[in-house]
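Below: one structure, written as structure tokens.
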Amino acid sequence: MNYLKSLCRGMAQYLLLFIFTVLPTITVATHNTTSGGCAIIRPPRDGGIRYRGLTQEQIRSVQILPVDYEIEYICRGNRVIVGPKVRKCLPNGTWTDLTLRSRCLLMCPRVWTSLENGQVTVLPPGPPVEGTVLQYNCLTGFRLVGRNSTLCTKLGKWDSPKPVCHYDRHYSGKKKLYIGALFPMSGGWPGGQACLPSAQMALDLVNKRTDILPDYELELIYYDSMCDPGEATKLLYDLLYTEPIKIVLMPGCSSVSTLVAEAARMWNLIVLSYGSSSPALSNRQRFPTFFRTHPSATLHNPTRVQLFQKWKWTKIATIQQTTEVFTSTLDDLEQRVKEAGIEISVRQSFLTDPAVAVKNLKRQDARIIVGLFYETEARKVFCEVFKEKLYGKKYVWFLIGWYADNWFKIKDPSINCTVENMTEAVEGHVTTEIVMLNPETVRGASNLTSQEFLEQLMSRLGGKNPEETGGFQEAPLAYDAVWALALALNKTVEPLKAKGRRLEDFNYNNHDITAEIYRALNTSSFEGVSGHVVFDAQGSRMAWTLIEQLQGGSYKKIGYYDSTKGNLSWFGNDKWIGGAPPADQTVVIEEFRFLSQKLFVSVSVFAGLGILLGIVCLTFNIYNSNVRYIQNSQPYLNNMTAVGCMLSLAAVFPLGIDGLHVHRVRFPVVCQFRLWLLGLGFSLAYGSMFTKIWWVHTVFTKKDEKKDKRKHLEPWKLYATVGVLLGIDILSLMIWQIVDPLHITVEKFTREAPKGDLDVLIQPLLEHCSSEKMNTWLGVVYGYKGLLLLLGIFLAYETKSVSTEKINDHRAVGMAIYNVAVLCMITAPVTMILSSQQDASFAFASLAIVFSVYITLVVLFIPKMRRLITRGEWQSEQQETMKTGSSTNNNDEEKSRQLERENKELQKIIQEKEERVSELRNQLTERQALRSRRRLSGQNQNHSTPAPPASQNDPKSLLPPPGYPLPSSDNHSLPPSFSNSSNLYQPDGKIGRNNCHTSRLQLLYK
């Protein structure tokens, strides 16, 4: 029986062994024989497989997956994959890593994997899943409370509580404070090669000092970031999630520091950088806990501003290479110069080719130029500077001081300038360079001078060539960074003790200790090997700046600037090509263009003579206003014309007045006189003439009044028309001056260079009367006046053949309108085109006014003067007036009105008579038709019956009734009852002129 049991047990074990060993071999063999893909495999327990690109139906039906197809294991719930997560189908029909098992296991809490003030060892390394063992150790000065190891069970829980490390009050040794550092030992800037030994030197000295952190020991935990943000991200994770807790982070390289400083705020960590110059790191809102002993690239800017002010420059130009560091530096410079009252007149940038940017600097007359670019681009820039002659006694260039001393002599295949050309172009430029090594022999906090520091550093480097050691120039900054941290931590000991806290109590959730360290660093001030160490409000180092000038092909120190104290140390050995610092811009002398006085006087003489002529014409017209010939020309309108002409001529004088005669403050008054005199003069002169010609056209060009009719002329309507035109002008001008008043504007022309080698330009200026919307107002005024001119020309043409005694000078008015309209339509656009040429514009406008006025006065008034003088009509008319008095005109007008009324009554009577005659004619026609029918019926009866009685044949029986004409008489004759008026008609139905009374003939045919 026992034997059978043993046999069965052996058979079962053999069967299981066969399943787990032979069957996979058979499957693999099958896979190997399967060509073109791999068979589907089973997922791990409590997990599944994600088939990429396949639907559920395809997954159920497919048996073979193609080569290079990948599957991914997924786990249910909070389980995680232990082992390969992704498998790939190989060309031989097998999946990758089949020898490694993939399992879905529960993960235990990660909180157990870290220990405050202690270290945790994870066995095996990886995520804390089933079977993981953690081993705990406390740091020096702390003792472990709890088990020193724990195991993750199948249920996803640890088999023991998490231990803690308590401070050992009986421990008499130093407690360690850890610094997490990232030193770029390789990469784009291998600054860690010299900065790491320098920091270790500082740590050794700090730990030996009994007056600085006597109860603590600083220890440096560092990694190589390779100046790569991606690598730094991984290393930062290791620093934060592995014990021990780091109290401060020390990154190097701007890109790495940006990453670390932005993340450190989440862990309440202070970041102190030794090798970051990007201006972007000065943003306190983005990097609230960041400090750096390396000065920002913007530290050059206070020195530049100080030099601008020293040499009294208020206008500069900039040219930069398009990179983040230079753009940020230039933005900071722009803000600083604005606060100092200095203007950046030109700002140019380029990516690789600076040719266009340099040409723009030349074109815009840049003199003081700040250049921000790397050394290779600097050679390109100054080759273009040589070609554009943008150097010499008129120009000063400011460059960055960290180029090689012979950078302009290095042969560069990308430029086509010789060394001699480059040397000539760069002569006299100024550089600013941050001082990273204290030039003075001063023992600072470390009790070392700068020279002693360099000697010890060279010893630690083992005799390496400093020029071949990365970060050698920044090594003093790393040394002072450790000292700044040690002094700040030492300063926080007492304040924390007063609050019942200790530095060793620091953790990533403790904001109070971070705040104390921040305050201590923010108020740091000590002498280091790199100079005086102090931080500004943005956490950037304030340092000295070295100022050098290229003199004779080599750099000479001409001064230092201490940005912390605003102190400029000047050696006074600066040299200039022109003997003195050049001007920041070409001296521009403003020179106003004024009207030619000869032209102004000449035109003014003509205008004055025209005004005298207008006064003569006006006096003549007023003196002879009682003469009938003058009265028939509407003398009041002619008076308005003369006054308007004189006002227009008076506008010539303010047109010629400019800044030579009046001050600029009073010039707007001159502008107002120009506008109002010319506007009102035109309205009076042209408006009165337009009114005359409009009335003539209205009365004498209507179809129903082409015959010899007469219409009474009421003068007040003419005056009202002129008043309306004048009122429109006054209203429009008032609105213009209230809404948008005229003011003086100055037009600038192209600058002119005087003769000689003077650094001076002449800026021609010209004063104009203008307003904000000048073109709009001129468009409205010109449009309105232009329509009046066109309408006046049309009316003058339509009435050229009309003759009337009421306005006997309308043909002369039409001629004047032609001339005024043509001159105005030509002058208005031409003066706008010639507005920038003061002489031509004034001559054209003023002569047009003079000619228009002269033509108008001559055409309207000279013929009247000639007639009255040659015929002597003014004497007879005056004598007649003295005899009859002024009542003659009134009697004539009254008689004329009475005759018009009688004429209308007679016209009504005639109309009634004509209607009666028409009725009677109709009756006569009917009687003749009746008589014809009777005659036809009588002839028919003569054939059948005896002849009618003689009484029926009596002709008298056919006579019309009394008062009607005989049948044989003319059909157009009138009955006797109208014999009293028949003599007024002719046979054709018209009135006979010879039979009318002579007193009524004019009334009937007006």
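Of all residues in segment 43-61, which are modelled with pLDDT of 85 or more and in a loop (DSSP other than H, G, I, E, B)?
Those that are modelled with pLDDT of 85 or more and in a loop (DSSP other than H, G, I, E, B): Pro43, Pro44, Arg45, Asp46.
Considering only residues of segment 432-442 that are of a type in the set (Val, Ile, Thr) and touching a residue at least 24 places away in the same chain (Cβ under 8 Å), which is surrounded by the fewest Cβ atoms within 10 Å (Cβ to Cβ)?
Filtering first and then ranking leaves Val442.
Among Ser554, Ser563, which is the only one that is among the hydroxyl-bearing types (Ser, Thr, Tyr), in contact (Cβ under 8 Å) with a residue 12 or more places away in the chain and loosely packed, with under 13 Cβ neighbours inside 10 Å?
After ruling out the rest, the residue left standing is Ser554.
Yes or no: Gly644 under 30 Å from Ala840 (Cβ atoms), small (Gly, Ala, Ser) and at pLDDT below 85?
On the way: under 30 Å from Ala840 (Cβ atoms): yes; small (Gly, Ala, Ser): yes; at pLDDT below 85: no.
Considered against the rule, which asks whether it is under 30 Å from Ala840 (Cβ atoms), small (Gly, Ala, Ser) and at pLDDT below 85, Gly644 comes out as no.
I'd like the full set of residues that are farther than 24 Å from Arg45 by Cβ and not in a loop (DSSP other than H, G, I, E, B), limited to segment 98-121.
Result: Val111, Trp112, Thr113, Gly118, Gln119, Val120, Thr121.
What are the residues in segment 179-230 that are at pLDDT 90 or above, of a type in the set (A, V, I, L, M) and in a loop (DSSP other than H, G, I, E, B), if any?
The answer is Ile212, Leu213.
Condition (residue is in contact with a helix residue (DSSP H, G or I) (Cβ under 8 Å, 6 or more places away or on another chain), of a type outside the set (D, E, K, R), surrounded by 14 or more Cβ atoms within 10 Å (Cβ to Cβ) and not in a strand (DSSP E or B)) applied to segment 138-146: is it met by at least one residue?
yes
Taking into account only those residues within segment 616-631 that are in a loop (DSSP other than H, G, I, E, B) and more than 16 Å from Arg866 (Cβ to Cβ), which is least open to solvent (accessible area, probe 1.4 Å)?
Ranking the qualifying residues of segment 616-631, first place goes to Ser625.
Going residue by residue through segment 652-664, is there one that turns out to be assigned to a helix (DSSP H, G or I) and among the charged types (D, E, K, R)?
No: zero hits.
Exactly one of these conditions fails for Trp112: (1) of a type in the set (Phe, Trp, Tyr); (2) under 19 Å from Thr242 (Cα atoms); (3) open to solvent by less than 40 Å² (accessible area, probe 1.4 Å). Give me its number.
(3)
Considering every residue within segment 462-481, establish whether at least one is open to solvent by less than 10 Å² (accessible area, probe 1.4 Å) and farther than 30 Å from Phe373 by Cβ.
yes
Restricted to segment 535-551, and to residues that are open to solvent by 50 Å² or more (accessible area, probe 1.4 Å) and hydrophobic (A, V, I, L, M, F, W, C), which residue is nearest to Pro295 (Cα to Cα)? Reasoning before the result, please.
Initial filter on segment 535-551 (open to solvent by 50 Å² or more (accessible area, probe 1.4 Å)): 537-538, 544.
Restricting the remaining residues to those that are hydrophobic (A, V, I, L, M, F, W, C) gives 537, 544.
Numbers: Ala537: 13, Trp544: 9 Å.
Applying the filter and picking the extreme gives Trp544.
Just name the residue that is nearest to Val482 (Cα to Cα) out of those in segment 248-281 that are in contact (Cβ under 8 Å) with a residue 60 or more places away in the chain and part of a loop (DSSP other than H, G, I, E, B).
Residue satisfying both the conditions and the ranking: Tyr274.
Kindly indicate whether Val670 is out of contact with any Pro (no Cβ under 8 Å at 6 or more places or on another chain) and either part of a helix (DSSP H, G or I) or open to solvent by 40 Å² or more (accessible area, probe 1.4 Å) (or both).
no
Listed residues Thr150, Thr96, Thr132; which is in contact with a Phe, Trp or Tyr (Cβ under 6 Å, 6 or more places away or on another chain) and modelled with pLDDT of 90 or more?
On the way: Thr96 fails: in contact with a Phe, Trp or Tyr (Cβ under 6 Å, 6 or more places away or on another chain); Thr132 fails: in contact with a Phe, Trp or Tyr (Cβ under 6 Å, 6 or more places away or on another chain).
One residue alone meets the criteria, Thr150.
Please verify whether Pro127 is in a loop (DSSP other than H, G, I, E, B) and either of a type in the set (S, T, N, Q) or without any contact (Cβ under 8 Å) to a residue 24 or more places away in the chain (or both), treating the condition exactly as stated. Outline the logic, then answer.
Details: in a loop (DSSP other than H, G, I, E, B): yes; either of a type in the set (S, T, N, Q) or without any contact (Cβ under 8 Å) to a residue 24 or more places away in the chain (or both): no.
Taking the combined requirement at face value, the residue does not satisfy it.
Which residues, counting only those in segment 76-109, are within 30 Å of Leu139 (Cα to Cα) and surrounded by 19 or more Cβ atoms within 10 Å (Cβ to Cβ)?
Cys108, the sole residue that qualifies.
Could you tell me which numbered condition Pro495 fails, if it satisfies all but one of (1) assigned to a loop (DSSP other than H, G, I, E, B); (2) open to solvent by 40 Å² or more (accessible area, probe 1.4 Å)?
(1)
Is it true that some residue in segment 821-837 is outside any helix (DSSP H, G or I) and crowded, with 18+ Cβ neighbours inside 10 Å?
No, because not a single residue in segment 821-837 is outside any helix (DSSP H, G or I) and crowded, with 18+ Cβ neighbours inside 10 Å.
Determine whether Ser525 is under 48 Å from the mean Cα position of the chain (by Cα), open to solvent by 10 Å² or more (accessible area, probe 1.4 Å), of a type in the set (Ser, Thr, Tyr) and at pLDDT 90 or above.
Considered against the rule, which asks whether it is under 48 Å from the mean Cα position of the chain (by Cα), open to solvent by 10 Å² or more (accessible area, probe 1.4 Å), of a type in the set (Ser, Thr, Tyr) and at pLDDT 90 or above, Ser525 comes out as yes.
What number of residues within segment 443-461 are among the hydrophobic types (A, V, I, L, M, F, W, C) and either within 24 Å of Pro581 (Cβ to Cβ) or open to solvent by 50 Å² or more (accessible area, probe 1.4 Å) (or both)?
The total comes to 1.
Does Lys598 meet the test of being open to solvent by 50 Å² or more (accessible area, probe 1.4 Å) and part of a strand (DSSP E or B)?
So Lys598 does not fit the description; no.
Would a scan of segment 635-643 turn up a residue that is in contact with a Phe, Trp or Tyr (Cβ under 8 Å, 6 or more places away or on another chain) and closer than 30 Å to Thr432 by Cα?
No, that holds for no residue.
Out of the residues in segment 524-571 that are touching a helix residue (DSSP H, G or I) at 6+ places or on another chain (Cβ under 6 Å) and among the hydroxyl-bearing types (Ser, Thr, Tyr), which is nearest to Ala340 (Cα to Cα)?
Ser563
Based on what the data block shows, is Glu467 acidic (Asp, Glu) and free of Cβ contacts under 8 Å to residues at least 60 places away in the same chain?
Yes; evaluated as a whole, the condition is true for this residue.
Name every residue in segment 415-441 that is assigned to a loop (DSSP other than H, G, I, E, B) and either among the acidic types (Asp, Glu) or at pLDDT 90 or above (or both), in order of residue number. Steps first, please.
To start, the set of residues in segment 415-441 that are assigned to a loop (DSSP other than H, G, I, E, B) comprises 415-418, 427-429, 435-441.
If the condition is that a residue be assigned to a loop (DSSP other than H, G, I, E, B) and either among the acidic types (Asp, Glu) or at pLDDT 90 or above (or both), then Ile415, Asn416, Cys417, Thr418, Glu427, Gly428, His429, Glu440 are the ones that fit.
If you take just the strands (runs of 3 or more DSSP E) that sit entirely in segment 316-401, which of them hold at least 1 residues that are open to solvent by 20 Å² or more (accessible area, probe 1.4 Å) and either touching a strand residue (DSSP E or B) at 6+ places or on another chain (Cβ under 6 Å) or more than 17 Å from Glu427 (Cα to Cα) (or both)?
343-350
Does segment 466-482 include one or more residues that are in contact with a strand residue (DSSP E or B) (Cβ under 6 Å, 6 or more places away or on another chain) and at pLDDT below 90?
yes
The values are calculated or read from the model by the stated rules, or taken from the named source; none is laboratory data. Remember, it's a predicted structure, so these values are computed and weren't measured experimentally. All Cβ positions, even for glycine, are placed from backbone atoms using ideal geometry, and neighbour counts span all protein chains on display. SASA here: full protein model, heavy atoms, side chains in, ligands and nucleic acids out. Shrake-Rupley method; radii C 1.70, N 1.55, O 1.52, S 1.80 Å.
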